[in-house]
1. Identify all residues within region 322-360 that are among the aliphatic types (A, V, I, L, M), touching a Gly at 6+ places or on another chain (Cβ under 9 Å) and open to solvent by less than 30 Å² (accessible area, probe 1.4 Å); write none if there are none.
2. Determine whether region 249-268 contains at least one residue that is under 25 Å from residue 30 (Cα atoms) and outside any helix (DSSP H, G or I).
3. Checking residue 182 against (1) open to solvent by less than 40 Å² (accessible area, probe 1.4 Å); (2) outside any loop (DSSP other than H, G, I, E, B), only one condition comes out false. Which one?
4. Within region 192-209, how many residues turn out to be of a type in the set (Val, Ile, Thr) and either open to solvent by less than 70 Å² (accessible area, probe 1.4 Å) or in contact (Cβ under 8 Å) with a residue 60 or more places away in the chain (or both)?
5. Run down 129, 107 and say which single residue is more than 23 Å from the chain's Cα centre (by Cα), surrounded by fewer than 19 Cβ atoms within 10 Å (Cβ to Cβ) and over 24 Å from residue 223 (Cβ atoms).
6. If you take the residues of region 249-289 that are touching a helix residue (DSSP H, G or I) at 6+ places or on another chain (Cβ under 9 Å) and farther than 24 Å from residue 331 by Cα, which of them is most open to solvent (accessible area, probe 1.4 Å)?
7. Please return the ranges of helices (runs of 4 or more DSSP H) entirely within region 71-161 where 3 or more residues are modelled with pLDDT under 95 and over 25 Å from residue 212 (Cβ atoms).
Amino acid sequence: MQTLLLWLFYISTFYAFIPGMISRLFGYRVFRKGIGRTDYCLTFDDGPDPHYTPLLLDLLKRYGVKATFFVVGSHAEQHPGIIKRMHEEGHLIGIHNYVHKTNWLMRPATVRKQIDQTSDIIFAITGERSTYYRPPWGIVNLFDFSKRRQVQIVLWSAMFGDWKEKLGVERLTEKLLAKLGPGEVMLLHDCGTTLGADPNAPEHMLIALERMLEEAEQRGLKSVRIDEMIRAVRSSPVTGLSFGKRLLVGLWLGWEKLFQLLFQIKTVTPQEPFLHYRVRKYQGRTVLMDNGESLIKGDKVIELHFDNRQLFELGVNSRSIAQLAIRLIRRMEKDLPLLAERIAGDVELAEAKALYGVSMINRGPEKFGFMVLDLPGGLFASSTKFYLRILMGVLHPSGGARLKVRSDQLVPKMMLLPVSQLLDQMNCRHPQKPVPQERMREEDLALNAELPGATAVH
């Protein structure tokens, strides 16, 4: 019996667990996140529901939003009118099996039958075949990958637990707004009758979603259908990169997330990340800055970091290094004043002597008042140069060929800008450190003692 259970474990691991992990972690043969500057995707699972789905369609129509619905075949069969309305109002209809049952517990032939049956139902109602498929709970098995030619498997980049009422409207709204951004594939649920869900949970989802749609309008973000986002990804220069470069970029972006977590990196504009920063102690040689101050070892600096994903997308979509530099300058023109405002409102940040950064993309920082200096020789300079040269081979529009031409110019530079100079340039007031109450009382007593007629009378 023990041997049988062990073999069942091995088979289930190979059949379902490993393929599921590969698809989730590496996106192998599935679509889970897009690209772009303004577009994101709203996707809804488990419907249609006779009560909540029409309310959801009313909401989407009111905001002019397009979405993708992954419908359960048996539900679609019971409510053809809702499916027809989805189609007529321009939404994309995808497949979510005929019954909401995990693919881990079904044979490949059964899964294929579930997909075909749901596809036939959608075709009978709309006259169009669906080629987009989301397995229940996003769980794929080994043979789901073989269906790539028949259907595109779609997962998600953001899930919110909105099937539980206890999450509440306020918390769900917070989670939605935190993930709202370009390229996100957001998973919500318009039906509460699925196993494990709360029947009235979609009511909370609708309230939170409306709040998010209002915020999206203010940010200039637009929800598009999954097929539109997939076409945008396929037409992007990113798809032309070799597997090795895509792997390198994936590791690079993963390292950024870990780095931000470990070192508590903050972002100037969280809704559209580009410029990150942290306060640290300067460890380099003494530098005389343009404002006459000396930056010495141990002084506080605000270390700047470009957002890796934004940098990558700007790089692969630029025709030349000059165009990339111009785009970076435009983003700095937007984020630097916001950083100055943040420093002006934070005494701890204002204690830093300078903004500090190291980059190979060092054309244009003088425009903002930065000093551009050579890194002193040593292990840090050589390792930084090696790291950045590899990344430039991916980011630069000419690829690795650029590293072989005028490679002497591809050297990392140190950039410095005194914090006081930044605040002056941006017309921001220098924050004053509050005086402790004890000190204020001592100063008041001293002042009173010096004033005439302030003698105490007994």
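The values are calculated or read from the model by the stated rules, or taken from the named source; none is laboratory data. In this text, all values refer to a predicted model and were calculated from it rather than measured experimentally. Using ideal geometry, Cβ is built from the backbone for each residue, glycine included, and neighbour counts are taken over all protein chains shown. Note: areas computed on protein heavy atoms with side chains; ligands, DNA, RNA excluded. Shrake-Rupley method; radii C 1.70, N 1.55, O 1.52, S 1.80 Å.
1. 324, 325, 328, 332
2. Looking through region 249-268, none of the residues is under 25 Å from residue 30 (Cα atoms) and outside any helix (DSSP H, G or I).
3. Residue 182 satisfies all of (1) open to solvent by less than 40 Å² (accessible area, probe 1.4 Å); (2) outside any loop (DSSP other than H, G, I, E, B) except (2).
4. 2
5. Result: 107 is the single residue among 129, 107 that is more than 23 Å from the chain's Cα centre (by Cα), surrounded by fewer than 19 Cβ atoms within 10 Å (Cβ to Cβ) and over 24 Å from residue 223 (Cβ atoms).
6. Among those residues, the one meeting the criterion is 283.
7. So the answer is 108-126.
Every residue, every condition in (1) hydrophobic (A, V, I, L, M, F, W, C); (2) modelled with pLDDT under 90, yes or no:
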| site | (1), (2) |
| --- | --- |
| 201 | yes, no |
| 230 | yes, no |
| 237 | no, yes |
| 243 | yes, yes |
| 247 | yes, yes |
| 255 | yes, yes |
| 258 | yes, yes |
| 261 | yes, yes |
